[in-house]
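In what follows, a single structure is set out as C-alpha cells and then discussed.
What follows is calculated from the coordinates using simple rules that are stated; it is not laboratory data. This is a predicted model, so every value here is computed, not measured. Using ideal geometry, Cβ is built from the backbone for each residue, glycine included, and neighbour counts are taken over all protein chains shown.
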C-alpha cells in the first residue's frame, strides 16, 4: 500500500473521529492501523465515519485477509497453546525401566 497525502489525510481525520466517537487510540505507525480503522468504521453508528471508512478502503486498496481453511479435526489445545499432533504409534518402553514401577512426581519420573 502506498501512503500518499490523500491516504494520510483520510487516516488522520478518521483517527480523530474514532477517538471522539469510540475512545479508540490508534497510532498511524501501527502496521495494522488501516485494518483496525476499517473494522472500527463497520461498528460505527455515524454515517460520516462510515463514509470515511469507505474512502480509506478505496484509497488504500485494502483487501480483507482470506480466511484460513477449517481443519478437518479440532485443534488440540492446552492452556491456550496448540499441542503438536500425536502419532498413533505406541511409545517404546526401555528394557531397564520395565522391571521398576514408575511414579510421577511434579512431572518427573520417580523410579521406585
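Starting from the Cα-Cα distance between residue 4 and residue 76, subtract it from 0.36 nm times their residue separation and give me the gain in nm to one decimal. Spell out each step's value before the answer.
Numbers: separation 72, 0.36 × 72 = 25.92 nm, distance 4.46 nm.
Full extension from residue 4 to residue 76 adds 21.5 nm.
What would the Debye formula give as log10 I(q)/I(0) at q = 0.12, 0.19, 0.29 Å⁻¹ for the alpha-carbon point model of the stretch 5-60, no solvent?
-0.20, -0.53, -1.35
Going by C-beta contacts inside 10 Å, put 59, 52 in order with the fewest on the left. Walk me through the numbers on the way to the answer.
On the way: 59 19, 52 22.
By the 10 Å Cβ count, ascending, the order reads 59, 52.
Kindly put 102, 34 in sequence by how many other C-beta atoms sit within 10 Å of each C-beta, fewest to most.
Lowest count first: 102, 34.
Among 56, 28, what is the fewest-to-most ranking by other Cβ atoms within 10 Å? The partial results should precede the final answer.
On the way: 56 20, 28 12.
So the residues, fewest neighbours to most, are 28, 56.
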